[in-house]
Amino acid sequence: MKIFGIPIFPEQASVFAKDVDALYFFILAVCSFFALAVAVSVIYFGIRYHKTHDGEIGARIEGNLPLELLWSVIPTVIAMVMFGWGASVFYHLRRPPDDAMHIYAVGKQWMWKFQHLEGQREINELHIPAGRPITITISSEDVLHSLYFPAFRTKMDAIPGRYTELWFEAQTPGTYHIFCTEYCGTNHAGMIGNVIVLEPSEYQAWLQGGGVQGTLVERGARLFNSLQCDTCHVDTGQGRGPSLRDIFGTTVNLQDGSTAVVDEAYLRESILNSQAKIVNGFKPLMPTFQGLISEENLIALIEHVKSMSPKAATAAPAAPPASAGASASAGSSRIGPARSSAASVCSARPPA
Ligand code: CUA
């Protein structure tokens with residue numbers, strides 16, 4: 001929406017953009033109406049009933065039941081309409097469809113890094129197909145950030161040490177803004193990018209384009225070996241660590257008698273802070289990987305573990321044929337090249 005050529009409002013480019021806007025304009029209209037009514041009344045009464053001579057005493061008013069009911073019931077009804085409407089939009093925004101395509105995002109001072117399951121990595125650019133729901137799992141490498149797609153009317157904080165999630169379905173191919181909406185340091189305002197919505201066929205072509213070194217799951221499997229996870233976590237369950245086969249989505253019994261659901265957050269904690277939750281029947285032998293493994297490699301490892309539970313985990317799409325040549329991060333960076341963290345972690349060995 002433009003007024004005098006100045007963009008006032010972002011385009012409506014996702015399936016729920018219209019719903020969010022309708023609610024927004026409804027609340028704006030109600031608030032404007034009452035703000036105006038109150039302001040006009042204040043001015044009118046101020047003039048109409050101002051003091052004209054000394055010793056004047058105002059009339060004593062005892063109350064008025066119909067009026068009091070009116071100004072209780074009307075605001076209640078309006079507030080409940082806002083609540084009900086807002087809750088239904090919120091539910092829609094917070095619950096990704098089961099068939100959503102999965103992408104990871106990592107916020108970092110001052111760039112957005114995206115990882116596709118197929119292996120593509122991008123910085124400050126995100127290529128997605130139109131007409132397909134997309135879930136983005138978000139984490140942060142350093143401080144609080146917030147991933148915002150104004151045209152899709154959705155945003156979510158990137159919180160260090162935690163996974164958050166948002167979803168959307170872009171409708172119209174085009175290029176739209178990505179912003180960081182949490183003040184995160186000097187170059188916060190420069191932490192921007194573009195989401196490029198492609199026709200599904202163009203997206204398939206894009207996937208085939210950049211030479212990637214295997215899918216996310218394959219990268220995770222390589223890390224699993226190089227970090228020597230496989231020496232303890234053997235499939236038979238006879239290793240020093242629990243078998244990871246088919247555990248994703250299950251509930252495990254812990255040493256302290258409690259239980260835990262194996263999800264991304266659990267796997268993350270078990271890798272970084274391995275002593276936090278010890279599976280019943282095992283000794284706390286695993287070293288902590290805090291500081292030894294980057295957010296991006298953590299994502300790859302978690303995807304690998306998920307792939308060992310084919311029933312529970314969302315199946316990773318088939319890998320496009322890898323072609324040598326162009327680098328994995330085909331997307332250009334406005335801020336600077338990504339620091340390659342894979343190499344440093346692969347050579348890192350857990351402390352004995
Ligand atoms: Cu990242 Cu502001």
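Worth pointing out:
- Fully extending the segment from His53 to Phe4, taken as 0.36 nm per residue of separation minus the present Cα-Cα distance, adds 12.6 nm.
- On full extension, the segment bounded by Thr259 and Glu199 gains 17.1 nm, given 0.36 nm per residue less the C-alpha separation.
- As computed over the chain, the Cα convex hull volume per residue (Å³): 236
- For region 197-260, radius of gyration divided by Kirkwood radius, i.e. Rg to Rh on alpha-carbons: 1.21
- Less than 5 angstrom separates the built amide H of Ala276 from none of the residues sequence-distant by 5 or more or on a different chain.
- Simple label model, 7 Å out from Cα along Cβ direction - Val234 to Asp99, nm: 4.3
- The local environment of Ala276, defined by Cβ-Cβ distances under 11 Å, has a net charge of 0 under the rule Lys, Arg +1 and Asp, Glu -1.
- q = 0.19, 0.23 Å⁻¹: log10 I(q)/I(0) that the Debye formula gives for region 1-128, counting C-alpha atoms only: -1.25, -1.35
- Over the chain, Cα pairs under 8 Å with separation of 6+ residues give a relative contact order of 17 percent.
- Amide N of region 1-18 lying under 17 Å from the label point, which is placed 7 angstrom from the Cα of Thr181 along Cα→Cβ: 1, 8-18
- Per-selection Rg to Rh, region 1-70 - Cα, Kirkwood hydrodynamic radius: 1.27
- Computed packing ranks the peptides 268-279, 159-170, 299-310 as 299-310, 159-170, 268-279, most packed first, by mean other Cβ atoms within 10 Å.
- Theoretical ellipticity at 222 nm over the chain - DSSP helices of four or more residues, -39500 (n - 2.57) apiece, nearest 500: -10500 deg cm²/dmol
We did not get these values from a lab; they are worked out from the coordinates using the rules stated. Remember, predicted model here, so these are calculated numbers, not experimental data. Reconstructed Cβ throughout: ideal geometry from the backbone, glycine too, with neighbour counts over all protein chains shown.
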